[in-house]
Amino acid sequence: MSAAPMIAPSILSADFANLAAESAAVGPGRVAGDRGADWLHVDVMDAHFVPNLTLGLPVVQSLLKATDIPLDCHLMIEDPGTWAPPYAEAGAYNVTFHAEASDDPSAVARDIRAAGAKAGLSIKPNTPLEPYLDILRDFDTLLVMSVEPGFGGQSFISGVLEKVRTIRKIVDSGALNLVVEIDGGINADTIEQAAEAGVDCFVAGSAVYGAADPAQALAGLRAQAASARTHAH
Ligand code: DX5
Ligand code: ZN
């Protein structure tokens, strides 16, 4: 498990007309003793894989010029084999797509890595982990969804933590080298159970950008996760 819990604020809950300022609001140097956002989580939705539409490559390209925070692009889209590699070419740090959307996730991961980014695989709450265990060696991140993808502000589904516990054990055994990330419904009431289950990186949208002081909210979430993890291990 990485040294300190990572926090990835989701700009889905930010002001889309002010993304440069919204990314700066969670950057380093805002809260004493906290390093700020580790990754900026960018939710790309195509109105086909999920029933919602957000933003795409042109916005990501602009955002890359506006912030130094590594971009964690979460592609909730069909045909990631075609559409995912360009995010890597543009300079995203991590490009994650959905297992449910691809017939050959390893091939997509290879293309993402060849284009210079980390590759992430995401699974929806009802998607089992087991069928993907063999291909996870081709990935750098596993993104476990703890809400149905599509919208911010939904309630955390704690049943997915069983998948987190399983992958945590495998990673800790040294069999896989993965960042275990969770996305959906993470807030002050839920982050501790996710941390105890073994999450490395926590996406938080409404809990960060819905707060009066996003950087302070982020720091508070990290402190809770760190303390819950200490008690769990
Ligand atoms: C939902 C997105 C999430 C969303 C999380 O489909 O993948 O990243 O922004 O929002 P909260 O933290 O409000 O559940
Ligand atoms: Zn997301």
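Computed from the coordinates by the stated procedures, all read-outs in this text should not be read as laboratory data. All values reported here derive from a predicted model rather than from experimental measurement. All Cβ positions, glycine included, derive from the backbone under ideal geometry; neighbour counts span all protein chains shown.
Using just the helices of the chain, give the 222 nm mean residue ellipticity in deg cm²/dmol: DSSP H runs with n ≥ 4 each add -39,500 (n - 2.57), and the total is spread over all residues, rounded to 500. Could the numbers behind the result be given before it?
Numbers: 9 runs with 78 residues, N = 233.
It comes out at -9500 deg cm²/dmol, rounded to the nearest 500.
Would you give the gap between the C-alpha center of region 11-49 and the C-alpha center of region 195-233, rounded to a whole Å?
15 Å
Straight-line reach only, C-alpha to C-alpha below 21 angstrom: list the lysines that Lys118 could link to, leaving out same-chain residues fewer than 8 apart.
Leaving aside lysines fewer than 8 places away in the same chain, those within reach of Lys118 are Lys65.
Considering only DSSP beta bridges where both residues belong to the chain, give the percentage that are antiparallel (nearest 5). Intermediate values should be presented prior to the final figure.
Working: 1 of 33 bridges.
Around 5 percent of the beta bridges assigned by DSSP in the chain are antiparallel ones.
At what distance in nm do the modelled label points of Ala47 and Asp79 sit from each other, each positioned 7 Å from its Cα along Cα→Cβ?
1.6 nm
Using amide H atoms built 1.01 Å from N in the peptide plane, name the residues 5+ places from Leu71, or on other chains, whose amide H lies under 5 Å from its own.
Leu40, Tyr93, Asn94
What FRET efficiency comes out for Asn126 versus Asp68 if R0 is 45 angstrom and r is the Cβ-Cβ distance? Round to the nearest 0.05. Intermediate results must be reported in sequence, preceding the final value.
Values: r = 37 Å, r/R0 = 0.81.
The computed FRET efficiency comes out at 0.75.
Evaluate the relative contact order of region 37-126 (contact order divided by residue number), counting alpha-carbon pairs under 8 angstrom at least 6 apart; express in whole percent.
On the way: 168 pairs, mean separation 23.1, N = 90.
This gives 26 percent for region 37-126.
Please work out how much length the chain gains when fully extended from Asp104 to Arg165, using 0.36 nm per residue of separation minus the C-alpha to C-alpha distance, in nm with one decimal. It would help to have the intermediate numbers written out before the result.
Working: separation 61, 0.36 × 61 = 21.96 nm, distance 2.55 nm.
Between Asp104 and Arg165, full extension yields 19.4 nm more.
Note down the magnitude of the dipole of the chain about its Cα centre, charges +1 on Lys and Arg C-beta and -1 on Asp and Glu C-beta and zero elsewhere, to the nearest 20 debye.
Roughly 560 debye, rounded to the nearest 20.
Once Lys and Arg get +1 and Asp and Glu get -1 on their Cβ, which of Ala109, Thr96, Leu178 lies farthest toward the positive end of the dipole of region 94-190?
With unit charges placed on the Cβ atoms, the residue in question is Leu178.
Taking the simple approach of a point 7 Å from Cα along Cα-to-Cβ for both Val59 and Ala175, what is their distance in nm?
3.9 nm
Using Cα-Cα distances under 8 Å and only pairs 6 or more residues apart, what relative contact order does region 6-232 have, in percent?
Averaging sequence separation for qualifying contacts and normalising by length gives 20 percent for region 6-232.
Counting Lys and Arg as +1 and Asp and Glu as -1, what is the net charge of the other residues whose Cβ lies under 12 Å from the Cβ of Gly81?
Numbers: positive: Arg110; negative: Glu78, Asp79, Asp103, Asp104, Asp111.
That works out to -4.
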